[in-house]
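One structure below.
The values are calculated or read from the model by the stated rules, or taken from the named source; none is laboratory data. The structure presented is a predicted model; accordingly, all values stated were derived computationally and were not measured. So basically every Cβ, Gly included, is an ideal-geometry build from the backbone, and we count neighbours across all protein chains shown. Heads up: the accessible areas ignore ligands, DNA and RNA and are worked out on the full protein's heavy atoms, side chains in. Shrake-Rupley method; radii C 1.70, N 1.55, O 1.52, S 1.80 Å.
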Amino acid sequence: MFGDPHYKTFDGKFFSFQGACKYQLTADCVNHTFSIRVTNDARQAKHSSWTKTVTFKMADIKINLGQKLRVKVNGTRVELPHHVENIVKIHKNRDDEVIVESHLGIKLIWDGYNFLQVEAPVSYKNKLCGLCGNYNNIWRDDLTSRSVSYTHL
């Protein structure tokens, strides 16, 4: 996800979506092990928006990534690097981006402004839903609803 915002799904579909609200970026819609939501704000413009916050939930952990590289874990602001034993590591890379690496294999890279990259291991193929698609190697069905995508499971 980048810019105002533009998206590239796990299956390679590119699209732009300027909605100003909370949206499910991606989630495990089969076993419900995690979800990632974004809050987009309109920036006082009708034709573009920007990502204000990213929220990554798994088990009893809620990680909020905000503008200017602010990070909260379960509502408390933390300094980086920050670790929750055997669950998640949060740190900055050489480019001053926040990296979130979970025990689930989900990895987030956030620049603190308008770029977010989400990586998911192949164990999540055919299990995801949200704006990043369903991760089934078919880009044409990435923007279908959960009820359509998961009737075959």
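Quick notes on this structure:
- Segment residue 30-residue 68, extension gain: residue separation times 0.36 nm, minus the distance between their alpha carbons: 10.3 nm
- The range 29-124: trypsin sites (Lys or Arg not before Pro) falling in loop per DSSP and having at most 14 other Cβ within 10 Å: 43, 46, 70, 94
- 76, 9, 33, reordered so the largest accessible area comes first (probe 1.4 Å): 76, 33, 9
- Couplings 3J(HN,Hα) for the range 96-107, derived from phi with the Karplus relation 6.51 cos²θ - 1.76 cosθ + 1.60 (θ = phi - 60°), are 6, 9, 7, 10, 10, 10, 9, 5, 7, x, 7, 10 Hz, where x marks Gly and Pro.
- With K and R counted +1 and D and E -1, the other residues having a Cβ less than 11 Å from that of residue 109 yield a net charge of -3.
- In order along the range 29-38, phi translates into HN-Hα couplings of 8, 9, 9, 6, 7, 7, 8, 10, 10, 10 Hz, rounded to whole numbers, per the Karplus curve 6.51 cos²θ - 1.76 cosθ + 1.60 with θ = phi - 60° and x for Gly and Pro.
- The accessible-area ordering, largest first, of the residues 110, 139 stands as 139, 110, per a 1.4 angstrom probe.
- Net charge in the neighbourhood of residue 92 (other residues with Cβ under 11 Å of its Cβ; Lys, Arg +1, Asp, Glu -1) is -4.
- Distance (nanometres) between label positions extended 7 Å along Cα→Cβ at residue 80 and residue 13: 3.1
- DSSP-assigned coil residues among GluC sites (Glu not before Pro) in the range 35-143, each with at most 11 further Cβ atoms within 10 Å: 79, 85
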